[in-house]
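Have a look at the structure below, then the notes.
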Amino acid sequence: MGIVVENVSKHFGSFKAVDRVSLEIKSGSLVALLGPSGSGKSTLLRLISGLEVPDSGRIMLTGKDATHQSVQERNIGFVFQHYALFKHMTVRQNIAFGLEIRKVAKAKVKRRVEELLELVQLGGLGDRYPSQLSGGQRQRVALARALAPEPEVLLLDEPFGALDAKVRKDLRAWLRRLHDEVHVTTVFVTHDQEEAMEVSDEIVVMNKGRVEQVGTPADVYDHPATAFVMSFIGPVN
Ligand code: ADP
Ligand code: MG
C-alpha cells in the first residue's frame, strides 16, 4: 500500500515550505526526495512521519488515513544526519532499546539484535560503544536501530550527509543492497543528484516546496519535465 500524500501543504508564517504536494510511493520501493537546500524535503519527510501536522491535505500510510495519527501510532523508523546514538550504551544495547521499551520478550530481543547486526554487517562490533566506531559504522547502527521494530516505512533524512565522499559512496551501494533484502518502503532525502540516481527506484524532484517531477532515475535524467529539473539533474551543470 505504501505512502499516499494528497495535496499536502505546510506553511511557516507566510512561507510555504510544502505547497500542495501529491505523491504516491509504492509499497516496498526506495524513493529519493531530491532538491536543493530549502526546497521542503525535510518538512515533507516530517509530515509523513507525524513530526509535523499538515495545514491541509491528507497522508495515507499503508492504506490508513494517518493525517492525525501521532508519531508513535505510525509504524515508522527514522534515521537523521545527526541521529545520535546513546553514548553510554553498546551497539547491541542501542539496537535493543526500541524493542525493550516496547516490552518485547528478552529472548526475542536477543535474537533480533543478532539478526540486525548481521544485516548491517557489524557482526563483530556489538559490544563496542559509539565512540569506538567510524561515522559510517554509526549510521549503520542507527539504521539497525530504526529497523529493529520492523517498521512499515523507513524515513532517512540525509543519513550519510555528514560523512566523507568515499564512505558515502560505499554506504549508498550498501543501502541499495540492504533494501533489496529488507524491502521496507523507504523514503530517502538527499540534495545529491548522484546519490539519488544510484540508490533509488524513483526520484521525486522538489523545488520551492513543490514537486517538479516524479520518475525513475532514467526518466528524470533523459526526460526532465521542467527547466528546473534540467538544470538541477542534467549533465550540463
Ligand atoms: P530542505 O530539507 O529541502 O533543505 P526544509 O524542509 O528543511 O528544506 O525547509 C524548507 C524551508 O522551510 C526552509 O526555508 C526552512 O527555513 C523553512 N522551515 C522549515 N522548518 C521550519 C520551522 N519549524 N519554522 C520555520 N521555518 C521552517
Ligand atoms: Mg533537509
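Worth a mention:
- Sum of side-chain charges, Phe12 neighbourhood, beta-carbon under 11 Å (Lys, Arg +1; Asp, Glu -1): 0
- Estimated [θ] at 222 nm from DSSP helical runs (n ≥ 4, -39500 (n - 2.57)) normalised by residues in the chain, nearest 500: -10500 deg cm²/dmol
- Protection proxy ranking, peptides 123-136, 28-41, average beta carbon neighbours within 10 Å, highest first: 28-41, 123-136
- Cα-based shape type of segment 109-173, given that a ≥ b ≥ c are square roots of the gyration tensor eigenvalues and the cut on a/c is 1.5: oblate
- Built amide H within the under 5 Å cut-off of Leu156, gap 5+: Val79, Val187, Phe188, Val189
- Across the cross-link table entries Lys41/Lys64; Lys64/Lys106; Lys64/Lys110; Lys26/Lys64, which are compared at the Cα atoms, the separations over 25 Å belong to Lys64/Lys106; Lys64/Lys110.
- Its residue count N sets the reference 2.2 N^0.38 Å, and the alpha-carbon radius of gyration of segment 13-170 equals 1.12 times that reference.
- When the Cα atoms of segment 94-219 are aligned to their principal axes, the ranges along those axes come out at 47, 29, 25 Å in descending order.
- The distance linking segment 8-25 with segment 172-237 is 19 Å (Cα centroid to Cα centroid, whole angstrom).
- Per-residue 3J(HN,Hα) values for segment 181-194, derived from phi via the Karplus relation 6.51 cos²θ - 1.76 cosθ + 1.60 with θ = phi - 60°, read 7, 8, 6, 7, 4, 10, 10, 10, 8, 8, 9, 9, 4, 5 Hz in sequence order (x marks Gly and Pro).
- Gain on full stretching of the segment that runs from Met60 to Leu119 - 0.36 nm per residue minus C-alpha separation: 18.3 nm
- Cα-based equivalent ellipsoid of segment 170-212: semi-axis lengths in Å, sorted from largest, via gyration tensor: 21, 12, 7
- Computed over segment 56-111, Kirkwood Rh from alpha-carbon pairs, angstrom: 13.9
- In plain terms, the chain from Asp164 to Tyr129 could stretch by 10.5 nm, reckoned as 0.36 nm per residue minus the Cα-Cα distance.
- Taking a sphere under 14 Å around the Cβ of Gly209 and counting the other residues whose Cβ falls inside, with K and R at +1 and D and E at -1, yields a net charge of +3.
- For the chain, the share of DSSP beta bridges that are antiparallel, to the nearest 5, is 50%.
Read-outs: derived from the displayed coordinates by stated rules, not from any lab. Values in this document were obtained by computation on a predicted structure and should not be read as measured data. Note that we place each Cβ from the backbone using ideal geometry, even for glycine, and neighbour counts take in every protein chain shown.
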